[in-house]
2 protein chains.
Amino acid sequence: MSAAGAEGSRSIDAGSYRVIIDTGLRHDYAAMIVAAAPAHHYVVITDDTVGAQYAEPLVVALARHGRVSSERVPAGEAHKTRDSWARLTDSMLATGCGRDTTVIALGGGVVGDLAGFVAATYMRGVPVVQCPTSLLAMIDASVGGKTGVDTAAGKNLVGAFHPPAVVLIDVETLATLPPAHRRAGLAEAIKHGVIADADYFERIGAEVSDLLEVRPAATVELVVRSVEIKSAVVRADPRERGLRRTLNFGHTLGHALEHVSGYSLLHGEAVAIGMVLEARLAERIGIAASGTAKRIEALLRRAELPVEPPRSLSPEAVLEATRRDKKASKGAVTYSLPAGIGTMAGEERDWSIEVGDALVREVLA
Amino acid sequence: MSAAGAEGSRSIDAGSYRVIIDTGLRHDYAAMIVAAAPAHHYVVITDDTVGAQYAEPLVVALARHGRVSSERVPAGEAHKTRDSWARLTDSMLATGCGRDTTVIALGGGVVGDLAGFVAATYMRGVPVVQCPTSLLAMIDASVGGKTGVDTAAGKNLVGAFHPPAVVLIDVETLATLPPAHRRAGLAEAIKHGVIADADYFERIGAEVSDLLEVRPAATVELVVRSVEIKSAVVRADPRERGLRRTLNFGHTLGHALEHVSGYSLLHGEAVAIGMVLEARLAERIGIAASGTAKRIEALLRRAELPVEPPRSLSPEAVLEATRRDKKASKGAVTYSLPAGIGTMAGEERDWSIEVGDALVREVLA
């Protein structure tokens with residue numbers, strides 16, 4: 001697509017689509033959606049919180065280009081379910097949406113994953129445009145085409161790869177994001193530094209107070225660099241057969257902690273704790289440089305993120321939850337582990353390292 | 001894959017996978033599944049009827065190659081639902097199936113579509129092997145990668161494209177298929193003749209009694225030719241952007257009739273009626289050679305298939321149901337129509353022809 005109305009915007013190649021980043025970009029969303037995924041019917045899927053702030057102007061602007069309907073889900077991970085997916089689908093069917101429909105995901109990671117899965121499966125697939133409004137969704141969830149919902153057994157266990165037609169990021173929408181969610185998003189940015197770019201890791205440290213206050217200049221640069229790192233990985237390995245697994249650093253234990261906490265931990269908070277624990281695992285196995293875990297822990301603390309599991313969570317329950325992880329293979333739980341800040345280990349094992357339960361118990365204790 | 005244990009079998013290129021056809025092929029299923037989609041865990045999904053006949057030997061044979069579990073759904077279109085999909089998924093999660101799982105769909109079109117959708121969405125996609133046991137599934141549903149489930153609003157409205165790793169067809173399994181289902185399968189074979197091969201259309205007419213009795217030689221040739229025709233179309237247009245739409249001949253009205261009948265019409269029966277009505281539409285519009293509808297009707301009658309809508313179905317309800325068809329575009333209902341036996345019309349319109357309600361009412365009356 002041409003970056004209609006987006007002069008001066010940053011545009012990153014994510015493979016079959018682009019990620020456009022700017023301050024105030026939301027005023028151009030409609031034109032850019034129509035350019036990237038023209039349709040007869042546009043369906044804006046959002047949640048109650050984001051919808052109240054940003055849905056109305058988008059719906060009005062899209063109405064100049066076609067039929068528009070708007071769907072809302074209650075905010076929160078608890079609603080990223082098959083039931084929400086079925087309800088949204090049925091509502092689109094009742095509205096008469098055909099195959100010539102474009103879905104717009106306006107919200108955080110929950111909305112992006114859920115609306116993406118609706119689009120992936122609606123009449124065997126209609127286009128989706130991702131308009132992420134949380135830091136986590138901007139730098140992680142909206143890029144890479146993963147969509148899905150949670151089940152009682154765990155997160156994202158049901159889903160599909162469904163790359164968006166375009167990703168539109170207005171960093172101004174972060175101004176209304178609660179501080180805990182800003183911090184949670186920073187956890188994934190720090191992860192990008194660990195897996196691929198030591199300078200970036202240092203820069204986040206130097207600018208952490210600007211970033212926590214979402215000052216525009218620093219925030220745009222953060223989103224741009226994180227999207228560059230993630231896009232490069234996803235372009236090289238869209239289906240997570242190898243390199244893409246490096247993005248799972250912190251996530252084997254992170255997902256398990258999040259699940260066992262009953263989602264009282266935010267995803268980014270759980271990943272923060274997961275990164276510290278998994279970096280310690282990597283040091284104990286002898287594949288990470290000594291001090292790696294400490295450096296990660298120090299930066300996470302400066303970003304006001306948690307670095308150890310809540311005492312209320314049973315280590316055995318967390319261990320058990322890892323066994324149901326999607327990354328489990330041949331019955332063994334695997335990890336993506338760092339060799340140091342900026343470099344991941346295990347290329348010769350497809351970036352997927354088995355770790356025995358005993359060691360995991362040690363770091364969880 | 002190599003056609004392990006399948007010397008003398010017919011093998012057809014369907015794009016990213018092959019379709020293997022033979023009598024008695026089921027005795028080689030396990031080896032061929034393991035060759036095409038090796039996994040840690042094999043899940044055989046079948047229905048009560050087919051499962052009772054064919055599941056046990058397959059499960060025993062697969063158990064030599066990995067963990068095996070077996071899942072059953074009640075037979076019939078009424079069970080091709082999101083609920084069945086969720087139940088199968090949850091059962092696989094409870095069994096501890098990871099990403100290194102291969103799903104085997106052993107049954108008719110319902111099992112193939114449902115198990116295919118389970119595989120398409122399980123942890124964002126695991127391989128599926130299609131082992132169709134009904135004529136309809138052999139020559140149509142199992143080839144082309146369409147998977148999905150029905151909703152209250154209509155058939156296959158939720159689903160995904162998920163090509164199988166391989167399709168394994170043992171025509172001997174047709175011996176236990178009820179006669180009405182044999183006839184229903186022939187409707188799709190006749191459709192293949194209409195859309196692409198006048199000689200094949202004639203040959204079905206010449207051998208119709210052998211085919212209704214599923215004599216092996218004639219049946220293998222029928223399955224081979226139909227799979228060749230369907231595979232060629234699907235290879236050229238996997239995502240149904242153009243040419244693949246020709247396979248929808250008879251299906252706009254067919255799906256509507258099937259839905260309004262409450263699925264008391266078998267899919268092939270509904271398609272038989274749909275082909276006669278849509279051929280008449282094509283003649284009235286002036287795009288089909290005169291007599292096309294009559295020739296199709298005569299062959300369908302010889303195959304003991306219905307050729308007119310049950311009187312109990314309201315034409316208005318059928319018309320209304322077409323509006324919710326996936327093929328509807330910009331609010332208009334579109335049809336794939338023949339120019340004559342062996343040739344489809346409308347290439348310049350991407351094989352998708354709008355027809356006004358008034359004409360559809362006439363042919364439904």
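The values are calculated or read from the model by the stated rules, or taken from the named source; none is laboratory data. These numbers come from a predicted model, not from an experiment. Neighbour counts are summed over all protein chains in view; Cβ atoms, including those assigned to glycine, are modelled from backbone coordinates with ideal geometry. Note: accessible area is taken over every heavy atom of the protein model, side chains too, but ligands, DNA and RNA are not part of it. Shrake-Rupley method; radii C 1.70, N 1.55, O 1.52, S 1.80 Å.
The single condition from (1) modelled with pLDDT under 95; (2) under 30 Å from A:A160 (Cα atoms); (3) of a type outside the set (V, I, T) that A:P216 fails is (2).
For (1) in contact with a strand residue (DSSP E or B) (Cβ under 8 Å, 6 or more places away or on another chain); (2) acidic (D, E); (3) away from chain A (no Cβ under 14 Å); (4) open to solvent by 70 Å² or more (accessible area, probe 1.4 Å), each residue gets a yes or a no:
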{"site": "B:A270", "(1), (2), (3), (4)": "no, no, yes, no"}
{"site": "B:E278", "(1), (2), (3), (4)": "yes, yes, yes, no"}
{"site": "B:R295", "(1), (2), (3), (4)": "no, no, yes, yes"}
{"site": "B:P306", "(1), (2), (3), (4)": "no, no, yes, no"}
{"site": "B:R323", "(1), (2), (3), (4)": "no, no, no, yes"}
{"site": "B:V333", "(1), (2), (3), (4)": "yes, no, no, no"}
{"site": "B:A365", "(1), (2), (3), (4)": "no, no, yes, yes"}
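Checked across segment B:341-351, the condition of being charged (D, E, K, R) and within 14 Å of another protein chain (Cβ to nearest Cβ) holds for at least one residue.
Scanning segment A:350-365 for residues that are touching a residue at least 40 places away in the same chain (Cβ under 8 Å) and more than 27 Å from the chain's Cα centre (by Cα) yields A:L359, A:R361, A:E362, A:A365. For segment B:152-204, give me the residue count where each residue is over 26 Å from B:G24 (Cβ atoms), within 14 Å of chain A (Cβ to nearest Cβ) and touching a Gly at 6+ places or on another chain (Cβ under 7 Å). Qualifying residue count for the region: 6. Out of curiosity, is B:T176 out of contact with any Leu (no Cβ under 7 Å at 6 or more places or on another chain), surrounded by fewer than 24 Cβ atoms within 10 Å (Cβ to Cβ) and β-branched (V, I, T)? Answer is yes for this residue. Can you tell me which residue in segment A:197-231 is surrounded by the most Cβ atoms within 10 Å (Cβ to Cβ), limited to those that are touching a residue at least 24 places away in the same chain (Cβ under 8 Å) and among the small types (G, A, S)? Top of the filtered list is A:S226. Only helices (runs of 4 or more DSSP H) whose full extent lies in segment A:1-112 are considered here, and the ones with at least 3 residues that are open to solvent by 50 Å² or more (accessible area, probe 1.4 Å) are A:48-62, A:82-94. Scanning segment A:352-363 for residues that are in contact with a Gly (Cβ under 6 Å, 6 or more places away or on another chain), closer than 21 Å to A:A196 by Cα and crowded, with 17+ Cβ neighbours inside 10 Å turns up at least one hit.
Looking at this structure, is B:D140 more than 14 Å from chain A (Cβ to nearest Cβ), among the acidic types (D, E), touching a residue at least 12 places away in the same chain (Cβ under 8 Å) and open to solvent by less than 10 Å² (accessible area, probe 1.4 Å)? Considered against the rule, which asks whether it is more than 14 Å from chain A (Cβ to nearest Cβ), among the acidic types (D, E), touching a residue at least 12 places away in the same chain (Cβ under 8 Å) and open to solvent by less than 10 Å² (accessible area, probe 1.4 Å), B:D140 comes out as no. Of B:V158, B:V167, all but one fail to be within 21 Å of B:V118 (Cβ to Cβ), of a type outside the set (S, T, N, Q), outside any helix (DSSP H, G or I) and within 13 Å of the chain's Cα centre (by Cα); the exception is B:V167.
Sub-8 Å Cβ pairs linking a first residue in segment A:242-254 that is farther than 11 Å from A:D325 by Cα and at pLDDT 95 or above to a second residue that is among the basic types (K, R) and in a helix (DSSP H, G or I), at least 6 apart or interchain, are A:L247/A:K191; A:L247/A:K230; A:F249/A:K191; A:G250/A:K191, ordered by first then second residue. Put simply, of B:S84, B:S91 the only residue that is within 11 Å of chain A (Cβ to nearest Cβ) and not charged (D, E, K, R) is B:S91. Residues of segment A:54-78 that are at pLDDT 95 or above and closer than 22 Å to A:L266 by Cα: A:R72, A:V73, A:P74. I'd like the residue in segment B:308-321 that is aliphatic (A, V, I, L, M) and either more than 20 Å from B:E283 (Cα to Cα) or not in a helix (DSSP H, G or I) (or both) and, out of all such residues, is farthest from the other protein chains (Cβ to nearest Cβ). Selected residue: B:L313. Scanning segment A:181-196 for residues that are more than 19 Å from A:V19 (Cβ to Cβ), open to solvent by 30 Å² or more (accessible area, probe 1.4 Å) and touching a residue at least 60 places away in the same chain (Cβ under 8 Å) yields A:H181, A:R183.
Of all the numbered requirements in (1) away from every other protein chain (no Cβ under 11 Å); (2) under 25 Å from B:N156 (Cβ atoms); (3) free of Cβ contacts under 8 Å to residues at least 12 places away in the same chain, A:S69 misses one, and that requirement is (3).
Comparison of B:A270, B:A293 shows that the only residue that is part of a helix (DSSP H, G or I) and more than 20 Å from B:T343 (Cβ to Cβ) is B:A270. Remark: pairs (first residue in segment B:292-303, farther than 10 Å from B:A279 by Cα and touching a residue at least 24 places away in the same chain (Cβ under 8 Å); second residue among the β-branched types (V, I, T) and in a helix (DSSP H, G or I); Cβ separation under 7 Å; 6+ apart in sequence or on different chains) = B:L299/B:I190; B:L299/B:I204; B:L300/B:I190; B:L300/B:V276; B:R302/B:V208; B:A303/B:I190; B:A303/B:V208.
Inside segment B:113-135, can you point out the residues that are more than 11 Å from chain A (Cβ to nearest Cβ) and either at pLDDT below 95 or not in a helix (DSSP H, G or I) (or both)? Matches in segment B:113-135: B:P127, B:V128, B:V129, B:Q130, B:C131, B:P132, B:T133, B:S134.
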